[in-house]
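Colleague: Okay, handing you the structure first.
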Amino acid sequence: MLLEKEDWPALSRYLEGRVIRKGRYSPRLVRLLANTYLVLSDAAAVMSLENKVAISKPWLVDANALIFGTARILGGDISGAVRFFKARKDTVKSGLKEWVCWYHGFTLLLDHQYEEAEKEFSFLARFSKDGIITGLSSFFLSENLSYLLPDIKRELLEIASFGRERTQKILPSQKHWRAEVSRLSSEIHAAAIAKYLQEASLWLY
């Protein structure tokens, strides 16, 4: 059952009682509380939760790296997000690694570190096995970084074109793209970039 907007604060208080006051730092409850804070646009509460989790069960920080990193972006701490994602590129489990690398590139772009962002996106456009990550990386190379790095514009457009072809092999149509995006829509890290997922879809197909 979907919660109404007015129900989220009550859920937040309930979860705080179980997780923080009773110290039940289970993977499910920590993830649910962190997501609830983000729905309420309370990035500071997410950071406070992360600090407590880091003391109680440090491995849960890596397990929820996309949530805790996204909180930094939504809270305006872009340089902090860059450092957070960079520190976890080689520590998170393989299932999260490519998304963590993509978010590292995205935060580098937001932080105006264009050359470093280009390295992340170029690698992912060429080698990522995930269609969404490949497509997003190629989109940013073509529509942003090729203009921000004019000296290598031609090279970036070539990589972006290659990445678009790879994406279309993994997700052959806009329908396939939308289905994959829909699957991710419940994830806060994907909801935070919904605008770019839509723009990338139009560019890809």
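Colleague: Can you find even one residue in the range 43-56 that is assigned to a helix (DSSP H, G or I), touching a helix residue (DSSP H, G or I) at 6+ places or on another chain (Cβ under 7 Å), touching a residue at least 40 places away in the same chain (Cβ under 8 Å) and not assigned by TED's automatic domain parsing to the domain that holds GLN113?
Modeller: Taking every residue of the range 43-56 in turn, none turns out to be assigned to a helix (DSSP H, G or I), touching a helix residue (DSSP H, G or I) at 6+ places or on another chain (Cβ under 7 Å), touching a residue at least 40 places away in the same chain (Cβ under 8 Å) and not assigned by TED's automatic domain parsing to the domain that holds GLN113.
Colleague: In the list ILE20, ILE73, which residue meets the criterion of being within 18 Å of the chain's Cα centre (by Cα) and outside the structural domain of ILE193 (by TED's automatic domain parsing)?
Modeller: Just one listed residue meets the conditions, ILE73.
Colleague: So, one more: Looking at (1) within 30 Å of VAL61 (Cβ to Cβ); (2) of a type outside the set (S, T, N, Q); (3) touching a residue at least 12 places away in the same chain (Cβ under 8 Å), find the lone condition where LEU156 falls short.
Modeller: Going through (1) within 30 Å of VAL61 (Cβ to Cβ); (2) of a type outside the set (S, T, N, Q); (3) touching a residue at least 12 places away in the same chain (Cβ under 8 Å) one by one, LEU156 breaks only (1).
Colleague: Would you please list the contacts, defined by Cβ atoms under 7 Å and residues six or more apart or on different chains, that run from a residue in the range 170-193 that is under 26 Å from ASN64 (Cβ atoms) and modelled with pLDDT under 90 to a residue that is crowded, with 17+ Cβ neighbours inside 10 Å and among the small types (Gly, Ala, Ser)?
Modeller: Hits for this filter: LEU184/ALA190.
Colleague: Of these, GLU118, GLU98, which one is charged (D, E, K, R), surrounded by 24 or more Cβ atoms within 10 Å (Cβ to Cβ) and in contact with a Leu (Cβ under 8 Å, 6 or more places away or on another chain)?
Modeller: GLU118
The values are calculated or read from the model by the stated rules, or taken from the named source; none is laboratory data. If you're wondering where the values come from, they're calculated on a predicted model, not measured in any experiment. Reconstructed Cβ throughout: ideal geometry from the backbone, glycine too, with neighbour counts over all protein chains shown.
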